[in-house]
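Visitor: Before I ask anything, here is the structure I am working with.
Quick note: the coordinates plus some simple rules give every number you see, no bench work behind them. This structure is a prediction, so every number in the text was calculated from the model and none was measured. For neighbour counting, all protein chains shown are included, and Cβ atoms are generated from backbone atoms with ideal geometry for every residue, glycine included.
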Amino acid sequence: MDAGSEVELIAQLLITASMAIVLVLGVAHLVFTFRGPKLTPRDAALQKRMEQVSPVITSQTTMWRCWIGFNASHSQGLISFGLIYAYLALARPDVLLQSPFLLALGLVLIVAYLLLARAYWFSIPFTGVAISLIFYLAGLVVAYTTGQG
């Protein structure tokens, strides 16, 4: 393996590690959405009210069903992002590392998740996304400072 291939492999692995974290967070969130009490209110009466009250936009659902749907779709977004970018990093690094658009999009998404985690979530997802961002940035630095990107 020549030096250029080694550098590309390092960039691939850093980006893949970043996406593995995103993927684990998404899968854990999906499991917590449908199994166990982790995403239910501590106040049982609140959940009961959420099961009875509809949002203003429609009476065809309840706030509780919206809550489950929002959490599930959030998980799907994380899982899709993680899988697609990990796939590109491992199987098609030529596409990912040569595409400023895809690399910038990935960066924007991770930064957006970090900002959401800081503003609305709690320490575990914030820390996970921050570590993911560090790996992603390291992958970009390795790729671009060595002429691979």
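Visitor: Of the residues Leu25, Leu30, Leu46, Leu9, which is more than 29 Å from Thr145 (Cα to Cα), more than 20 Å from the chain's Cα centre (by Cα) and assigned to a helix (DSSP H, G or I)?
Guide: Details: Leu25 fails: more than 20 Å from the chain's Cα centre (by Cα); Leu30 fails: more than 20 Å from the chain's Cα centre (by Cα); Leu9 fails: more than 29 Å from Thr145 (Cα to Cα).
It is Leu46.
Visitor: Tell me whether region 135-146 contains one or more residues that are more than 15 Å from Ile10 (Cα to Cα) and out of contact with any Gly (no Cβ under 9 Å at 6 or more places or on another chain). Write out each step before concluding.
Guide: Narrowing region 135-146 to residues more than 15 Å from Ile10 (Cα to Cα): none.
No, there is no match, as no residue in region 135-146 is more than 15 Å from Ile10 (Cα to Cα) and out of contact with any Gly (no Cβ under 9 Å at 6 or more places or on another chain).
Visitor: While we're here: From the set of residues in region 132-149 that are touching a residue at least 40 places away in the same chain (Cβ under 8 Å) and of a type in the set (S, T, N, Q), which is farthest from Ala28 (Cα to Cα)?
Guide: Restricting to residues being touching a residue at least 40 places away in the same chain (Cβ under 8 Å) and of a type in the set (S, T, N, Q), the top hit is Thr146.
Visitor: Report, ordered by the first and then the second residue, all pairs with beta carbons closer than 9 Å, sequence separation of six or more or different chains, a first member in region 24-40 that is closer than 15 Å to Ser80 by Cβ, and a second member that is of a type in the set (Ser, Thr, Tyr) and surrounded by fewer than 14 Cβ atoms within 10 Å (Cβ to Cβ).
Guide: Gly26/Ser80
Visitor: Any idea how many residues of region 112-131 are small (Gly, Ala, Ser), exposed (fewer than 13 other Cβ atoms within 10 Å of the Cβ) and either touching a residue at least 40 places away in the same chain (Cβ under 8 Å) or farther than 19 Å from Phe81 by Cα (or both)? If you could, list the steps in order and put the result at the bottom.
Guide: Of all residues in region 112-131, those small (Gly, Ala, Ser) come to 112, 117, 119, 123, 128, 130.
Adding the requirement that they be exposed (fewer than 13 other Cβ atoms within 10 Å of the Cβ) leaves 112, 119, 123.
Of the ones still in play, those that are also either touching a residue at least 40 places away in the same chain (Cβ under 8 Å) or farther than 19 Å from Phe81 by Cα (or both) are 119, 123.
Counting residues in region 112-131 that are small (Gly, Ala, Ser), exposed (fewer than 13 other Cβ atoms within 10 Å of the Cβ) and either touching a residue at least 40 places away in the same chain (Cβ under 8 Å) or farther than 19 Å from Phe81 by Cα (or both) gives 2.
Visitor: Of the residues Leu102, Leu96, which is of a type in the set (A, V, I, L, M), in contact (Cβ under 8 Å) with a residue 60 or more places away in the chain and farther than 30 Å from Leu46 by Cβ?
Guide: On the way: Leu102 fails: in contact (Cβ under 8 Å) with a residue 60 or more places away in the chain.
None of the others qualify; the one that does is Leu96.
Visitor: Which one of these is touching a Ser or Thr at 6+ places or on another chain (Cβ under 8 Å) and surrounded by 16 or more Cβ atoms within 10 Å (Cβ to Cβ): Val7, Val27?
Guide: Of the residues listed, the single one that is touching a Ser or Thr at 6+ places or on another chain (Cβ under 8 Å) and surrounded by 16 or more Cβ atoms within 10 Å (Cβ to Cβ) is Val7.
Visitor: Something else now. Go through region 40-79 residue by residue and tally those that are surrounded by 14 or more Cβ atoms within 10 Å (Cβ to Cβ), under 29 Å from Val108 (Cβ atoms) and of a type outside the set (Gly, Ala, Ser).
Guide: 7
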